[in-house]
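Taken together, the values in this text are just the output of simple stated rules run on the coordinates, not laboratory data. All of these numbers come straight from a predicted model, not from anything done at the bench. Heads up, the Cβs are rebuilt from the backbone with ideal geometry, glycines too, and the neighbour counts pull from every protein chain shown.
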């Protein structure tokens, strides 16, 4: 074979790695029905990613609901303290609670941002070398999964 490199091209539409046509043909020669199995696995990954996306939307909605409930309870607590002649103590408790709530939400955002940066760094570092894949196919070895 010539010096052509085999590449695994990501498919944004399917959300999974689909091998290039020549790579798929080489795998098909070594392992029959491998293309069908790869596509089935890609479709399973897409379904899983969709479920995870909906779960994330549901969790964000729950977070908004809980934050709204917390703010409403702080407002109710402030009114209670004002009605009972202790506005200073009520303001202290309510402001402390609201500051803690804002800190928790901002902290959650910072942690999520760090995790996304770390995971993108890991995927860039763990990508297999195209040279190794082409050498394995040329040598007649099993293609990578």
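List of remarks:
- Dividing the alpha-carbon radius of gyration of the stretch 8-124 by the rule-of-thumb value 2.2 N^0.38 Å gives 1.88.
- Full-extension gain in nm, residue 99 to residue 28, via 0.36 nm per residue minus C-alpha separation: 19.6 nm
- For the stretch 43-93, average projected area of the Cα convex hull in nm²: 3.7
- Residue 65 versus residue 37: modelled label distance in nm, points set 7 Å from Cα along the beta carbon direction: 4.3
- With both labels modelled 7 Å from their Cα along Cα-to-Cβ, the residue 83 to residue 106 distance reads 3.3 nm.
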